[in-house]
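Single-structure report; data block below.
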Amino acid sequence: EKTEKNMGKGKSHDPKDGKRKEKAKMHLKRNIGYVDGVSFIIGSIVGAGIFVSPTGVLKHSLLNIGVALTIWTASGLVSLMGSLCYAERGPALPFSGGEYSHIKRGLGSLPAFVFIWTSTFTKPASNAARALLFAEYATQPFYGICPAPEVLKKCLALAVLWSLGILNGCSVKMAAWVQTVFTLLKMMALSVIAIGGIVLVGGRKESLARFEDAFSSEIPNASQIAEAFFQGLYAYGGWWSLNYMAEEMKNPSRNIPLTVMTAVPAVIVFYLLVNISYLTVLTPKEIVSSVAVAVTWADRVIPSVAWIIPLSVAVSIFGALNSSMFTLGRLSYAGSQSGHLPVLISMLNVHSCTPAPAMIFSTTIASIFIIPSDLITLTNYFGFSAWLMIGLTCASLIVLRYREPHLHRPYKVFLPVPFVMVAMSSFLVLAPIVWSPNLQYVYAFLFMLGSLVVYLPFIHFKLHFAFLDKITCHLQLLLEVSPADESTESKCE
């Protein structure tokens with residue numbers, strides 16, 4: 001008996017068996033380093049926003065240049081404060097899912113489900129807006145002053161969505177490489193605009209006069225300022241992206257805070273220079289009336305090679321879309337692991353260890369949002385719901401500081417900062433509702449409350465249909481996916 005026990009013990013501690021067991025398990029791999037992280041944050045932020053939001057910010061600022069530039073600066077500082085709050089949560093809770101994982105840990109299952117329910121639709125809506133804007137810039141050089149056909153733009157937007165969805169579903173390393181390359185290209189494009197404006201401002205007296213009288217126009221009210229903030233903060237949207245890939249970061253305790261403190265301030269400086277460049281060449285009225293501000297700028301400054309700017313803008317948006325789709329797949333993956341989405345979405349491809357079903361799921365929803373092509377409506381709705389959820393995330397940070405004081409936190413944000421973020425989120429959500437009621441806000445709240453219709457029967461009371469298991473098994477075999485941390489051999493076999 002002793003011999004048999006010893007043999008059993010020896011077998012269980014055999015390092016070769018441990019290696020084989022490790023190889024047989026499925027999990028996300030830590031393939032993302034510091035440079036990749038900076039590329040993902042900058043790539044997520046710099047994209048559609050800087051080419052759409054200057055119009056919205058100026059419009060809601062009542063064409064007041066001083067107010068508009070102040071809002072751009074303030075939006076950047078608010079985004080930096082938010083990113084510092086998130087930088088504490090990432091290393092302390094290095095799980096895929098970003099805000100979702102944090103809200104679930106700090107506030108409970110129901111608020112987390114409201115977040116995943118809302119994000120499942122609003123974040124793909126943002127991706128649809130990016131894809132449509134990419135199609136706008138990519139097709140315009142071929143049509144000159146004539147507008148490109150809507151059907152062509154929508155078909156191109158769908159093609160780009162699915163190309164990136166397949167790329168992110170096949171290889172994390174390839175997606176990270178594409179992100180780094182396109183981030184470099186987009187920063188080169190923005191540098192052309194920023195440097196061009198700096199060179200021109202010194203030689204144009206009318207431009208200098210425009211900035212000297214920056215605050216001479218009418219001052220907007222609180223509701224208009226909130227609407228302008230929505231547009232400005234949309235342009236900075238993406239500063240939270242790194243926490244979605246915390247489970248795949250190399251040395252997250254060091255790299256998450258470091259990448260945030262590198263990337264966000266760099267974007268703030270670039271955004272201010274680009275906006276100054278726009279205002280140097282174009283009047284506020286011209287910017288508001290322009291569909292593609294960067295293209296109008298190029299027609300004035302470099303008319304002989306103006307086609308370079310729309311091409312560069314398309315490249316920039318492509319990189320932002322790649323980063324956004326990467327993080328959205330991780331959100332769906334984390335929600336499914338917690339039982340808030342169908343179990344198939346939490347499975348990984350047996351060959352590449354990527355959340356392929358989650359990528360298919362989020363890309364399909366984004367494709368549906370291509371049909372309504374009103375970019376301003378999409379960005380407003382996204383901004384409204386996003387800041388409500390950011391407020392909940394920062395509130396969960398405060399709750400966990402008191403509930404779990406001994407939780408290991410390699411980096412700690414100054415505690416008043418999350419309180420400021422909660423207050424700012426509350427203002428951005430409530431101000432437009434109080435001063436300028438709009439049906440879109442009613443629809444947004446009704447949509448969030450609609451999550452209870454799904455949560456109570458399927459999550460709280462665990463209502464389950466047996467036929468869904470059969471569908472899951474067939475799809476699992478078709479997609480060659482397996483549950484995370486389990487054998488690669490399918491259970492359905």
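General observations
- Test set (1) part of a helix (DSSP H, G or I); (2) at pLDDT below 80 - VAL57 fails condition number: (2)
- Selected residue (criterion: nearest to the chain's Cα centre (by Cα)) from residues of region 227-253 that are under 17 Å from ILE317 (Cβ atoms) and in a helix (DSSP H, G or I): SER241
- Scanning region 216-274 for residues that are among the polar types (S, T, N, Q) and on the phi < 0 side of the Ramachandran plot turns up SER216, SER217, ASN221, SER223, GLN224, GLN231, SER241, ASN243, SER253, ASN255, THR259, THR262.
- Test for PHE51: is it of a type outside the set (Ser, Thr, Tyr) and modelled with pLDDT of 85 or more: no
- Looking across region 97-152, the residues that are outside any helix (DSSP H, G or I) and out of contact with any Gly (no Cβ under 9 Å at 6 or more places or on another chain) come down to GLY108, GLY144, ILE145, CYS146, PRO147, ALA148, PRO149.
- Residue pairs whose Cβ atoms lie under 7 Å apart, sitting 6 or more positions apart in sequence or on different chains, and linking a residue in region 59-85 that is in contact (Cβ under 8 Å) with a residue 24 or more places away in the chain and under 19 Å from PHE270 (Cα atoms) to a partner that is open to solvent by less than 10 Å² (accessible area, probe 1.4 Å) and of a type in the set (Gly, Ala, Ser), are VAL67/SER61; ALA68/SER61; ILE71/SER61; ILE71/ALA228; ILE71/GLY232; TRP72/GLY232; SER75/GLY232.
- Number of positions in region 199-216 that are closer than 17 Å to ALA298 by Cβ and at pLDDT 70 or above: 1
- LEU479 satisfies every condition listed in (1) loosely packed, with under 12 Cβ neighbours inside 10 Å; (2) of a type in the set (A, V, I, L, M); (3) over 21 Å from ILE390 (Cβ atoms) except (1).
- Which numbered condition LYS186 misses (of (1) under 28 Å from ILE32 (Cα atoms); (2) open to solvent by 10 Å² or more (accessible area, probe 1.4 Å)): (2)
- Selection status of LEU69, surrounded by fewer than 24 Cβ atoms within 10 Å (Cβ to Cβ) and either charged (D, E, K, R) or not in a helix (DSSP H, G or I) (or both): no
- Region 462-478 residues that are part of a helix (DSSP H, G or I), paired with ones that are among the charged types (D, E, K, R) and surrounded by 10 or more Cβ atoms within 10 Å (Cβ to Cβ) (beta carbon under 9 Å, 6 or more apart): CYS473/LYS491; GLN476/LYS491
- Look at (1) within 17 Å of ILE65 (Cβ to Cβ); (2) open to solvent by 70 Å² or more (accessible area, probe 1.4 Å); (3) modelled with pLDDT of 80 or more; (4) assigned to a helix (DSSP H, G or I) and you find that ILE219 fails only one, number (4).
- Residue match in region 75-91 (condition: assigned to a loop (DSSP other than H, G, I, E, B) and either modelled with pLDDT under 85 or among the β-branched types (Val, Ile, Thr) (or both)): no
- Qualifying residue in region 426-436 (condition: under 16 Å from LEU107 (Cβ atoms), at pLDDT 85 or above, in a helix (DSSP H, G or I) and open to solvent by less than 60 Å² (accessible area, probe 1.4 Å)): yes
- Of the helices (runs of 4 or more DSSP H) lying entirely inside region 254-342, the ones with 2 or more residues being modelled with pLDDT under 85 and surrounded by 22 or more Cβ atoms within 10 Å (Cβ to Cβ) are found at 293-301, 308-337.
- Scanning region 96-110 for residues that are within 20 Å of the chain's Cα centre (by Cα) and either modelled with pLDDT of 85 or more or among the aliphatic types (A, V, I, L, M) (or both) returns TYR100, ILE103, LYS104.
- Residue that is most open to solvent (accessible area, probe 1.4 Å) [pool: residues in region 410-425 that are out of contact with any Asp or Glu (no Cβ under 7 Å at 6 or more places or on another chain) and part of a loop (DSSP other than H, G, I, E, B)]: PHE414
The values are calculated or read from the model by the stated rules, or taken from the named source; none is laboratory data. These numbers were taken from a predicted model, which means no experiment stands behind them. Note that each Cβ is placed from the backbone with ideal geometry, even for glycine, and that neighbours are counted across all protein chains shown. Surface areas here come from the heavy atoms of the whole protein model, side chains and all, with no ligands, DNA or RNA. Shrake-Rupley method; radii C 1.70, N 1.55, O 1.52, S 1.80 Å.
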